[in-house]
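Scroll down for the structure; my scribbles are underneath it.
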Amino acid sequence: FIGQAVTLENSSVVEIGAGYGRTCHTLLSNFDIARYCIIDLPNALQLSRRYLSEVLDPASFEKISFISVADFDASQLGSFDLAINIDSFAEMDQEVVHEYLAFIDTHCTAFYTKNPVGKYYDKSLDGHSQGNEVIELALKQGILTDILDIDNQTEVNEASKKFLKAYAPSTAWAVKADSWAVPFSYIWQAVFHKENRT
């Protein structure tokens, strides 16, 4: 999906919230990426560093820089051809998401995101096994907090319009591609491109 909308060969990529590093692994294994920067929480960085050092050849692994959120300084990172966020903006405080979107707006040319189009409150999925406090916190996180019927595709499709508006880093960005992100009904993906980079 990303490769159809963005030129990845010899590109520089920043991923915010890489988890264990599967997207980084995939991109570095299939494209000649020049530089890859991962910004994440310290425990997630330990996991991704260990995983990526095992699955990548040394030359590919050397292309990666690991930045803790505590050490994140936009002015020190330079510019990137592509920013990526998969399934973590929905878990962050709204002001943190807006700070990252502002960073993407000023330092990147393209942006790929894959996140929920809203929240859901369906006890049949997990019995709310972690308790009401965790559920209430989850419902407040992120920039899209409307509660949806995730089994109603019409409702999800309507919410996707809000998703595209909310995740555009600024009005200078246009949607290059978007679609439902299989297999979860309420997850959407989009590639944005900055039309008027200054």
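Observations on the model:
- Theoretical gain in end-to-end length, Asp126 to Asn157 [0.36 nm per residue, Cα-Cα removed]: 8.7 nm
- Acute angle (nearest 10 degrees) that the helix 42-55 long axis makes with the longest principal axis of the chain, alpha-carbon atoms: 60
- Divide the volume of the convex hull around the Cα atoms of region 81-192 by the residue count and you get 95 Å³ per residue.
- Rough spin-label spacing in nm, given labels placed 7 Å along Cα→Cβ, for Asp87 and Phe61: 2.5
- Taking the longest Cα principal axis of the chain as reference, the axis of helix 94-107 is set at about 30 degrees.
- Relative contact order of region 1-126, defined on C-alpha pairs under 8 angstrom at six or more residues apart (%): 26
- The trypsin sites (Lys or Arg not before Pro) found in region 64-164 include none that occupy coil by DSSP while having at most 10 further C-beta atoms within 10 Å.
- Whole-percent carbon and sulfur share, accessible surface of the chain, 1.4 Å: 50
- DSSP-assigned coil residues among GluC sites (Glu not before Pro) in region 7-68, each with at most 16 further Cβ atoms within 10 Å: Glu9, Glu62
- Placing a label point 7 Å from the Cα of Ser170 along the Cα-to-Cβ direction, the residues of region 95-112 with a backbone N closer than 16 Å are 98-111.
The values are calculated or read from the model by the stated rules, or taken from the named source; none is laboratory data. Nothing here was measured: the structure is a model prediction, and the numbers come from that model. In this analysis, Cβ positions are derived from the backbone assuming ideal geometry, glycine residues included, and neighbour counts consider all displayed protein chains. Note: areas computed on protein heavy atoms with side chains; ligands, DNA, RNA excluded. Shrake-Rupley method; radii C 1.70, N 1.55, O 1.52, S 1.80 Å.
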